[in-house]
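Written out below as structure tokens is the structure these notes cover.
The values are calculated or read from the model by the stated rules, or taken from the named source; none is laboratory data. Everything numeric here is computed off the predicted structure, so don't read it as measured data. Cβ coordinates were reconstructed from backbone atoms using ideal geometry, including for glycine residues, and neighbour counts include every protein chain displayed.
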Amino acid sequence: MLGKFFAEIIEHTDASAIEAVRATGANPLQVFYHGYIALAIPQLADAAVYRFECNFRNSVMLGLVGAGRDWL
């Protein structure tokens, strides 16, 4: 799920900023890093923290209700 979020975030980056990086003569790795990744870092971090929070909340809830306890 997180991979799908990351792919969509990178696909929807601003094309004019990517073109500006290409216009400076950057190689493909520099275009990816300074264009795509630099623009998407806040959204990538947001998606990662959101999924971590969801997973943490779900595991706490399962722990509170005693899911998986088979010693009783």
List pairs: first in region 35-62 and within 12 Å of F6 (Cα to Cα), second of a type in the set (S, T, N, Q), Cβ under 8 Å, 6+ apart or cross-chain?
-> Y36/T13; A40/T13
In region 18-36, how many residues are closer than 30 Å to C54 by Cβ and among the hydrophobic types (A, V, I, L, M, F, W, C)?
-> 1
What number of residues within region 1-17 satisfy the criterion of being assigned to a loop (DSSP other than H, G, I, E, B) and polar (S, T, N, Q)?
-> 1
Index of the failed condition, G25 passing every other in (1) modelled with pLDDT of 90 or more; (2) assigned to a helix (DSSP H, G or I) = (2)
A careful count of residues in region 1-23 that are surrounded by 11 or more Cβ atoms within 10 Å (Cβ to Cβ) and among the polar types (S, T, N, Q) gives 1
Do we have F32 as free of Cβ contacts under 8 Å to residues at least 12 places away in the same chain, part of a helix (DSSP H, G or I) and surrounded by 13 or more Cβ atoms within 10 Å (Cβ to Cβ) here?
-> yes
